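Read the structure below first, then the notes.
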Amino acid sequence: MLNDLLYRLRSLFRRKTADTEMEDELRFHVEREMEKYASSGLTREEALRRARLAFGRIDQVKEECREARGLHLMETLLQDIRYGLRTLRKAPGFTAIALLTLALGIGANTSIFSVVYSVLLRPLPYKDSDRVIVLNETTPKVGRVSVSYPNFLDWRSGNHVFSRMTSVASVSYNLAGVSQPESISGEAVSPDFLSMLGVHPLLGRDFDPAEEKTGAAPVVLLSYQLWQSHLGGNQDVIGHTINLDGHGFTIIGVLPPEFRSIDQTDVMIPMGVWATDMPTDKRGDRGDLSVIGRLAPGVSLRQARAEMDAIAARLAVAYPEANAQFGAVLRPIREVFVGDIQPAILILFGAVMFVLLIACANVANLFLMRGAARTREIALRIALGATRGRIVRQMLAESLVLAFFGGLLGVAVSIAGMRGMAQLIPMDAQAGAVNLNGAVLLFAAAAVVLSSLMFGLVPAMQLTKPEMQTDLKEGGRSVSAGASQNRLRGLLAAGEIAVALILLVGAGLMIQSLYRLMSVDPGFQTHRLLTMEMALRTAQYSKDPVILNFWEQVIERVRVLPGVDAAALGTVVPLTGSHSRTDITIEGMPLPKPGNFPHPDYHKVSPGYLRTLGVPLLRGQEFTEADNENAPLVGMVNAAVAREFFPNQDVLGKRFKFGHPSDPLKWITIVGLAADTKLYGLANPARLEVYVPLRQSVSSDMNLIVKSAADPGALTSAIRGAIASIDKDQPIFAIATMQQLVNDSVSTRRVTLILLGLFSGLALVLAAIGIYGVISYSVAQRTHEIGIRMALGADRSGVLRMILAQGVKIAAVGVVIGMAASLGLTRLMVKLLFDVSAADPLTFAAVALVLVLVAMLACYIPARRALRVDPIIALRYE
């Protein structure tokens, strides 16, 4: 009895998945057998043992049958793949076009995803990096600013939302003892900075807690890159000294190669060394200090923001002079790295996904056209007993094969694209190299599977509809099926037009935005200007006369160099992001409340600064050599200051001073009115600016600005030699032309425009090919009809209009759908636009017109072919 049951079970599982009722029936029979065993005198334990054995054998048979079915499915899949390969090999033209289309779509997606992964998804080299938060102070006047060191100390001691909180200050040093002097960047950090991030030095030790105190020993951690490039990766470097600003710093460790912080880091020093210049009683001094904290377990970012706002409010009440209207702003550390590039990357990723959609729609149309020729084959297979699911599976296997090889080509295309992407994306935004890695390959594999379903499933379902069986009965002339397929092909082509319109509208808006941005008057000259920075950081430049003597020699020697038209010095260069700001008191102005004092950018400049930089002098005079340390204090202001504080007044002769009324600083008389400049980017409004003579307010950090007669970059070597003749150990750095600075300031918009334009152009070409394919196939189908029309006297222009109208109808449907979608999607790119609306009617109209014209052009070639049809031959066409 049991063997019979097992035989029935094997048959059942080999044929199909077991039916629950049948399985229950089998188990019922086994239970009856158990009762027989019991009635025959066996003990219950023996009966149960034999029953369990019976059930075990049933389960064993079920598993054997499942394995057999799995092997059968695998064999069937392999057969489908082999059949798909043979089918594609027999249609080389179709295969080549489909492979190229898919390679472009998958390759573009893989390239962009490599950037998305590097910038937005790759894990940062910290423990639980999503819990690491960067804190800054903020004020309504200027937005995010550095943190006051005394405020940081109060933040750290008074909060309950961060398990640990450390400070990070940007520092720069002149590195001596190398072949050529150079300036290096670094950070001063709290001793527990690395341990809070979960980072351990590659060599040596971390900082000690005692090294947070002011006056700590000069010790330093080196970056891996500096260790390799300047010390040759010497393993015995620990304990050696390195010369920074003329002082010896003991090397105590080397940072790991993957480490990155919020600023460029060549060296890292303990906060105790930096805090010498930041006394704890000067809350108003905010010098390049940020704070990094780790959220306590169970604390959300929202809760942390609420508590830090409360602490900032208490400090504003306790210290109104320094903290009035100052709040706290919290950002995840990845957001700090990514900056304003995240919206652009996400928009480009969305755009390239649209390109893949168009590519899949094109290949789906190709499958439909090719499938129409296989209608009789499919109908015959259905008539012979093949199920619809079996045929769909075979056609999906064919599409998967095509997508697989298209994906391989796409990965090859993406490798070349990644090299370009790595050059376009700022290095400080990348969490790692933009390259082909496991995550990118996984994405490419997912794109292959997804695209095979997108372009394979719809044609497979369409071509296996039950109506297809009528093709066999009626000799292959099924009107209903043909009309249905034509409508589907038309809808796919219209969808391509809609998606292409979305991308073209985005590109059009970016073109207008960039054009208007580059047309903005920056307030200074952008051509034939070279800028470079110098910092006198060694002990020999501790006195103002020595500093001034050095700067005077620099100006004298640079001005006489061949090719130099003018040269000047200033503490700030526009568009570099560097700044110096302070509160000022304006004589005669009502006393503002704490936190409401004017807070302009101020520049220490040499005579001829405005003239060299090309900033127009609107009124008064520029500084002269007579404005020295022995002369009355003078200054200049920009038009923004005059508009805000001296409306309808003559600004010349007015006075201001740095600081608040109680500060013992002297009054400065305004002698000149300068035009506004775009200090912080062409898209940003002008800020308040004041200028003071360098001789009356000495600075050891200056920018040299040189106006050249020709190519400014050619002067670099000569200028470097002139400065070396004054002090061979003095490095120059941050060398750039003003045009480079302008281009860098719009780089995000420029890169977005380039890539969006490239994807839009590709989408336009693919959409045109899609319409061409639909109309060309339609003309081929209607050859008989066209011949009849022409035999009955229809003129060629009428036939031409009929075919063009079909294409225009498809384009019009796509344009309407695309317009509606674009109105919603372009709002996502508002942050990238400048002086142009996201719903700009001119852009929408121009793009719609271009698409209709391209569609008509794509239709014209098959239409011209139709006009050459011989009516006699067409009447015989079947």
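Some notes on this structure:
- Residue in the stretch 306-328 that is of a type outside the set (Phe, Trp, Tyr), open to solvent by less than 50 Å² (accessible area, probe 1.4 Å) and assigned to a strand (DSSP E or B) present: yes
- Checking Gly614 against (1) at pLDDT 90 or above; (2) over 23 Å from Trp551 (Cβ atoms); (3) within 44 Å of the chain's Cα centre (by Cα); (4) open to solvent by less than 50 Å² (accessible area, probe 1.4 Å), the condition it does not meet: (2)
- Matching entry among Ser167, Ser172 (being in contact (Cβ under 8 Å) with a residue 60 or more places away in the chain and open to solvent by 30 Å² or more (accessible area, probe 1.4 Å)): Ser172
- Ile754 vs. criteria open to solvent by 20 Å² or more (accessible area, probe 1.4 Å) and of a type in the set (A, V, I, L, M): yes
- Number of the condition not met by Arg286 [criteria: (1) within 33 Å of the chain's Cα centre (by Cα); (2) under 30 Å from Gly177 (Cβ atoms); (3) at pLDDT below 90]: (2)
- The residues of the stretch 617-651 that are within 9 Å of Leu673 (Cα to Cα) and open to solvent by 70 Å² or more (accessible area, probe 1.4 Å), listed by number, are Leu618, Arg619, Gln621.
- Residue satisfying all of: in the stretch 550-570; surrounded by 13 or more Cβ atoms within 10 Å (Cβ to Cβ) and without any contact (Cβ under 8 Å) to a residue 12 or more places away in the chain; nearest to Pro181 (Cα to Cα) among these: Glu552
- Filtered residue count, the stretch 634-675, keeping only those that are part of a loop (DSSP other than H, G, I, E, B), of a type outside the set (Asp, Glu) and within 20 Å of Pro590 (Cβ to Cβ): 13
- Among the residues making up the stretch 416-447, those that are out of contact with any Phe, Trp or Tyr (no Cβ under 6 Å at 6 or more places or on another chain), at pLDDT 85 or above and open to solvent by 20 Å² or more (accessible area, probe 1.4 Å) are Gly438, Leu441, Leu442, Ala445, Ala446.
- Scan of the stretch 588-611 for residues that are closer than 28 Å to His660 by Cα, basic (Lys, Arg) and at pLDDT 85 or above, ordered by number: Lys604
- The residue that is surrounded by the most Cβ atoms within 10 Å (Cβ to Cβ), counting only those in the stretch 263-275 that are in contact with a Ser or Thr (Cβ under 6 Å, 6 or more places away or on another chain) and not polar (S, T, N, Q), is Met271.
- Selection of first residues in the stretch 804-822 that are touching a residue at least 24 places away in the same chain (Cβ under 8 Å) and of second residues that are open to solvent by 20 Å² or more (accessible area, probe 1.4 Å) and assigned to a helix (DSSP H, G or I), restricted to Cβ pairs under 6 Å at least 6 apart or on distinct chains, gives the following pairs, ordered by first then second residue: Leu804/Met856; Ala811/Val852; Gly818/Ile502; Ala821/Ile502; Ser822/Ile502.
- Restricting attention to the stretch 739-751, the residues that are open to solvent by less than 30 Å² (accessible area, probe 1.4 Å), modelled with pLDDT of 85 or more and out of contact with any Pro (no Cβ under 8 Å at 6 or more places or on another chain) total 1.
- Hits in the stretch 704-746 - residues which are β-branched (Val, Ile, Thr) and not in a loop (DSSP other than H, G, I, E, B): Ile705, Val706, Thr716, Ile719, Ile723, Ile726, Ile735, Thr737, Val742
- For the stretch 293-305, filtered to residues that are open to solvent by less than 50 Å² (accessible area, probe 1.4 Å) and in a helix (DSSP H, G or I), the residue that is nearest to Lys127 (Cα to Cα) is Leu301.
- Test for Leu530: is it touching a Lys or Arg at 6+ places or on another chain (Cβ under 7 Å), within 30 Å of Val573 (Cα to Cα), modelled with pLDDT of 90 or more and among the hydrophobic types (A, V, I, L, M, F, W, C): no
- Leading residue by the ranking (most open to solvent (accessible area, probe 1.4 Å)) among those in the stretch 676-700 that are of a type outside the set (S, T, N, Q) and outside any loop (DSSP other than H, G, I, E, B): Arg695
- Leu530 passes every criterion in (1) of a type in the set (A, V, I, L, M); (2) surrounded by fewer than 17 Cβ atoms within 10 Å (Cβ to Cβ); (3) part of a strand (DSSP E or B) apart from (2).
- Any hit, the stretch 254-262, residues being among the aromatic types (Phe, Trp, Tyr), within 21 Å of Ser183 (Cα to Cα), assigned to a helix (DSSP H, G or I) and modelled with pLDDT of 85 or more: no
- Across the stretch 232-253, the number of residues qualifying as outside any loop (DSSP other than H, G, I, E, B) and within 26 Å of Gly198 (Cβ to Cβ) comes to 5.
- Annotation note: Cβ proximity below 9 Å between a residue of the stretch 731-758 that is under 23 Å from Ser717 (Cα atoms) and a residue that is aromatic (Phe, Trp, Tyr) and surrounded by 21 or more Cβ atoms within 10 Å (Cβ to Cβ) (sequence gap 6+ or interchain) occurs for Met738/Phe524.
- Counting residues in the stretch 666-682 that are within 30 Å of Val830 (Cα to Cα), aliphatic (A, V, I, L, M) and in contact with an Asp or Glu (Cβ under 8 Å, 6 or more places away or on another chain) gives one or more.
- Selection status of Asp521, within 28 Å of Trp667 (Cα to Cα), acidic (Asp, Glu) and open to solvent by 40 Å² or more (accessible area, probe 1.4 Å): no
- Hits in the stretch 571-605 - residues which are open to solvent by 20 Å² or more (accessible area, probe 1.4 Å), among the charged types (D, E, K, R) and not in a loop (DSSP other than H, G, I, E, B): Arg581, Lys604
- The one condition from (1) modelled with pLDDT of 90 or more; (2) crowded, with 22+ Cβ neighbours inside 10 Å; (3) hydrophobic (A, V, I, L, M, F, W, C); (4) closer than 30 Å to Glu182 by Cβ that Trp155 does not meet is (4).
- Taken as a whole, the structure places Arg487 among residues that are loosely packed, with under 15 Cβ neighbours inside 10 Å and either part of a helix (DSSP H, G or I) or in contact (Cβ under 8 Å) with a residue 60 or more places away in the chain (or both).
- First in the stretch 79-94 and touching a residue at least 60 places away in the same chain (Cβ under 8 Å) and over 18 Å from Ile391 (Cβ atoms), second anywhere and among the aromatic types (Phe, Trp, Tyr) and surrounded by 14 or more Cβ atoms within 10 Å (Cβ to Cβ), Cβ under 9 Å, 6 or more apart: Phe94/Phe367
- Number of the condition not met by Gly143 [criteria: (1) touching a residue at least 24 places away in the same chain (Cβ under 8 Å); (2) open to solvent by 10 Å² or more (accessible area, probe 1.4 Å)]: (1)
The values are calculated or read from the model by the stated rules, or taken from the named source; none is laboratory data. All figures in this text were calculated on a predicted structure; none of them were measured in a lab. All Cβ positions, glycine included, derive from the backbone under ideal geometry; neighbour counts span all protein chains shown. Only protein heavy atoms, including side chains, enter the accessible area calculation; ligands, DNA and RNA are left aside. Shrake-Rupley method; radii C 1.70, N 1.55, O 1.52, S 1.80 Å.
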